[in-house]
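The values are calculated or read from the model by the stated rules, or taken from the named source; none is laboratory data. Computed from a predicted structure; not experimentally measured. Virtual Cβ from ideal backbone geometry, glycine too; neighbours counted across all protein chains shown. These area figures cover heavy atoms from the full protein model, side chains too; ligands, DNA and RNA do not enter into them. Shrake-Rupley method; radii C 1.70, N 1.55, O 1.52, S 1.80 Å.
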Amino acid sequence: QAAARGGRASLRACGVHNVCRLLTRRAHGFYARDAGVAHRKNLGLLRKIMCQESTKFKNVWTTHSASPIAYERGRIYMDNYQCCITSIAQQPRLIYQKSKCAKTEKIEDALLLECPLGEMLPRPSDYKASLIVLTVQNWLLRLSADSGEVLEKVYLAGSCCKFFRYLSWDTPQEVMIVKSAQNKLPAAARQAGIQQTVLFYLAVFQVLPLSFIGMLEINKKIFGNSVTDVAVSNGILIVMYSMGLVRLYNFKAILEQFMEQPFDLGQEFNWNGQVGIVGKYPFGLPCNIKITDTPPLLFEASSLENAFQIGGYPWHYIITPNKKKHKGVFHICSLKDNALAKNGIQDMKCCSLEPDWIYFHPDMSGRIIHVGPNLIKVLKLKEVKNHADQMEIAEDFTIVANRENCVNNSVTVTASGRVVKKRFTLLDDDPEQETFKIVDYEDELDLLSTVAVTQIGADGRAHLDFHCNEHGILLKSIPLKESWDVTYSHEVYFDKDLVLHIEQKPNRRFSCYVYQMVCDTARDDD
């Protein structure tokens with residue numbers, strides 16, 4: 001009772017009188033004496049410091065490479081993941097450098113694996129970050145993120161010729177999917193009339209500790225002849241077809257219904273006449289999930305280029321009508337009854353080389369971000385007044401590119417009075433006009449980041465802007481020092497006090513630019 005009275009007194013001291021607000025604050029840990037509360041306060045302080053006018057971002061490190069450069073949680077990977085550099089230090093420094101690997105050991109894909117909170121794990125190494133990598137020879141390796149040491153290795157492919165190439169999360173940091181390349185018969189085999197019915201293989205793993213759940217085939221006989229790709233996300237098997245059709249199936253139900261026999265890594269097995277050890281060379285993994293009948297269909301939709309997204313609250317999905325003339329037109333519909341939301345057709349009517357794009361906001365607010373060349377719309381779902389069962393799309397806020405100095409008159413008058421008419425108009429994403437290229441969300445600081453580029457001649461200039469995620473207000477603008485060529489491929493990562501720009505130039509030339517936050521710039525012109 002004394003503790004309860006003390007708790008109520010502390011709540012009154014905080015000025016919280018609304019029950020709903022109290023419960024929300026309690027769920028967020030405002031009244032718990034734990035590390036999470038301190039961490040949130042520290043991130044709030046970091047956001048305030050970062051957005052101060054006196055705070056600058058300084059280019060502290062630049063490197064160039066002939067191989068791709070990847071970034072994961074404060075680590076820069078080069079030379080096909082053989083070289084790891086930390087970007088957290090005041091200046092990036094080497095963590096480890098492994099000897100150059102042979103072509104047969106080339107890494108095809110990688111995922112960063114982080115320790116789950118509040119779980120007992122079998123090995124001390126499981127509590128540290130590690131990297132799951134997939135090699136060209138069908139080996140799945142778990143590497144220490146601090147040393148590159150191989151902690152675990154699993155051989156995937158058995159007697160069947162399976163070329164595994166892709167890693168993805170079904171449930172982030174819990175269930176992992178390893179997908180093969182699409183099986184295609186050689187031309188000679190096709191001419192001989194040999195039929196290939198298996199299109200893809202999917203191997204499913206639980207991570208930390210790494211354990212094998214099962215392997216299954218995606219077969220033409222079950223899913224149809226026109227399947228072009230498959231994916232697994234949040235317990236849903238997504239099957240895509242050449243005509244733009246997208247079908248969704250319950251992946252967990254498939255695993256349970258069609259599992260013939262469970263196997264553990266390292267277990268001896270006798271399977272279809274084969275004797276070996278699960279996950280060891282040369283036997284690999286058994287295909288122990290056999291789909292013998294078409295699973296129950298959860299949902300299907302037809303969309304241009306198979307573009308399909310689910311999100312929002314209540315659940316909605318976004319598609320583009322399956323005709324080329326509708327490219328750039330997005331329909332937002334209810335997942336419950338396929339009803340188009342009020343104002344659910346979003347069309348920026350852009351005249352541009354690169355199309356606009358749309359997606360559900362990653363902050364789990366249920367909002368939608370629609371990005372065009374010179375305009376970013378953040379949209380929200382809300383109930384239609386006096387119609388609680390109907391939803392409408394409303395504008396939450398917009399971010400507009402700075403084109404105040406842009407003059408695009410179709411008719412001009414010379415000094416002599418002669419009228420000159422232009423025979424063309426500028427595109428909405430003309431390089432000489434400020435154009436949005438990247439939009440991202442920093443979840444720990446709750447900031448929306450945008451990269452806008454203007455190119456005049458051969459010299460392009462970009463700046464990274466931070467906006468309030470709730471209202472879209474511009475809080476900070478960071479000019480990037482390096483030239484930005486709009487014809488190159490670019491990635492920009494904003495990770496707390498770090499900005500990292502990776503650029504891919506022609507002929508597989510890669511560059512990496514690292515910016516660090518500096519607060520005291522009085523003595524430094526940069």
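Does the stretch 70-88 hold any residues that are open to solvent by less than 30 Å² (accessible area, probe 1.4 Å), under 16 Å from TYR515 (Cα atoms) and not in a strand (DSSP E or B), and which are they?
Of everything in the stretch 70-88, those that are open to solvent by less than 30 Å² (accessible area, probe 1.4 Å), under 16 Å from TYR515 (Cα atoms) and not in a strand (DSSP E or B) turn out to be GLY74, SER87.
Does LEU151 count as in contact (Cβ under 8 Å) with a residue 24 or more places away in the chain, closer than 22 Å to TRP169 by Cα and open to solvent by less than 30 Å² (accessible area, probe 1.4 Å)?
Numbers: in contact (Cβ under 8 Å) with a residue 24 or more places away in the chain: yes; closer than 22 Å to TRP169 by Cα: yes; open to solvent by less than 30 Å² (accessible area, probe 1.4 Å): no.
Here the answer is no, as LEU151 does not meet what is asked.
Those residues that are open to solvent by less than 90 Å² (accessible area, probe 1.4 Å) and not β-branched (Val, Ile, Thr), I need them from the stretch 124-136; list them, please.
Result: SER125, ASP126, ALA129, SER130, LEU131, LEU134.
Kindly provide the set of residues from the stretch 265-303 that are more than 29 Å from the chain's Cα centre (by Cα), under 19 Å from PHE251 (Cα atoms) and among the charged types (D, E, K, R), ordered by number.
LYS290, ASP293, listed by residue number.
Can you spot a residue in the stretch 449-457 that is hydrophobic (A, V, I, L, M, F, W, C), at pLDDT 95 or above, open to solvent by 70 Å² or more (accessible area, probe 1.4 Å) and touching an Asp or Glu at 6+ places or on another chain (Cβ under 7 Å)?
Taking every residue of the stretch 449-457 in turn, none turns out to be hydrophobic (A, V, I, L, M, F, W, C), at pLDDT 95 or above, open to solvent by 70 Å² or more (accessible area, probe 1.4 Å) and touching an Asp or Glu at 6+ places or on another chain (Cβ under 7 Å).
So which residues in the stretch 92-123 are under 25 Å from ASP497 (Cα atoms), assigned to a loop (DSSP other than H, G, I, E, B) and either open to solvent by less than 70 Å² (accessible area, probe 1.4 Å) or in contact (Cβ under 8 Å) with a residue 60 or more places away in the chain (or both)?
Across the stretch 92-123, the qualifying residues are PRO92, GLU114, CYS115, PRO116.
State all residues of the stretch 274-293 that are surrounded by fewer than 20 Cβ atoms within 10 Å (Cβ to Cβ), β-branched (Val, Ile, Thr) and in contact (Cβ under 8 Å) with a residue 24 or more places away in the chain; if no residue qualifies, say none.
ILE291, THR292
Name every residue in the stretch 463-494 that is of a type in the set (Gly, Ala, Ser) and within 26 Å of LEU379 (Cβ to Cβ), in order of residue number.
GLY472, SER477
Of the conditions (1) surrounded by 12 or more Cβ atoms within 10 Å (Cβ to Cβ); (2) charged (D, E, K, R); (3) touching a strand residue (DSSP E or B) at 6+ places or on another chain (Cβ under 7 Å), ARG40 clears all except one; give me its number.
(3)
Would you check which residues across the stretch 205-229 are within 22 Å of the chain's Cα centre (by Cα), modelled with pLDDT of 95 or more and buried (at least 20 other Cβ atoms within 10 Å of the Cβ) and list them?
PHE205, the sole residue that qualifies.
Quickly run through the stretch 270-295 and pick out the residues that are more than 26 Å from THR197 (Cα to Cα) and in contact with a Gly (Cβ under 7 Å, 6 or more places away or on another chain).
ILE277
Test of understanding: among ILE478, ILE502, ILE438, ILE456, which residue is within 24 Å of the chain's Cα centre (by Cα) and over 16 Å from ALA401 (Cα atoms)? Please lay out each step first, then the result.
Numbers: ILE478 fails: over 16 Å from ALA401 (Cα atoms); ILE438 fails: over 16 Å from ALA401 (Cα atoms); ILE456 fails: within 24 Å of the chain's Cα centre (by Cα).
Going through ILE478, ILE502, ILE438, ILE456 in turn, just one is within 24 Å of the chain's Cα centre (by Cα) and over 16 Å from ALA401 (Cα atoms): ILE502.
Can you tell me which residue is least open to solvent (accessible area, probe 1.4 Å) among those in the stretch 161-181 that are within 16 Å of ILE236 (Cα to Cα) and modelled with pLDDT under 95?
Of everything passing the filter in the stretch 161-181, THR171 is least open to solvent (accessible area, probe 1.4 Å).
Per-residue answers, yes or no, for (1) acidic (Asp, Glu); (2) modelled with pLDDT of 90 or more; (3) open to solvent by 60 Å² or more (accessible area, probe 1.4 Å):
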| position | (1), (2), (3) |
| --- | --- |
| VAL411 | no, no, yes |
| VAL420 | no, no, no |
| LEU464 | no, yes, no |
| TYR488 | no, yes, yes |
| MET517 | no, yes, no |
| THR521 | no, no, no |
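Could you tell me how many of the residues in the stretch 134-177 are among the hydroxyl-bearing types (Ser, Thr, Tyr) and within 15 Å of TYR81 (Cα to Cα)?
3
Got a number for residues in the stretch 247-266 being open to solvent by 60 Å² or more (accessible area, probe 1.4 Å) and assigned to a loop (DSSP other than H, G, I, E, B)?
Number of matching residues: 4.
Taking the stretch 304-331 as the search range and keeping residues that are in a loop (DSSP other than H, G, I, E, B) and in contact with a helix residue (DSSP H, G or I) (Cβ under 9 Å, 6 or more places away or on another chain), which one is surrounded by the most Cβ atoms within 10 Å (Cβ to Cβ)?
In this case the residue turns out to be THR320.
From the list THR55, THR63, pick out the single residue that is under 26 Å from ASP495 (Cα atoms), in contact with a helix residue (DSSP H, G or I) (Cβ under 7 Å, 6 or more places away or on another chain) and modelled with pLDDT of 75 or more.
Only one candidate qualifies: THR55.
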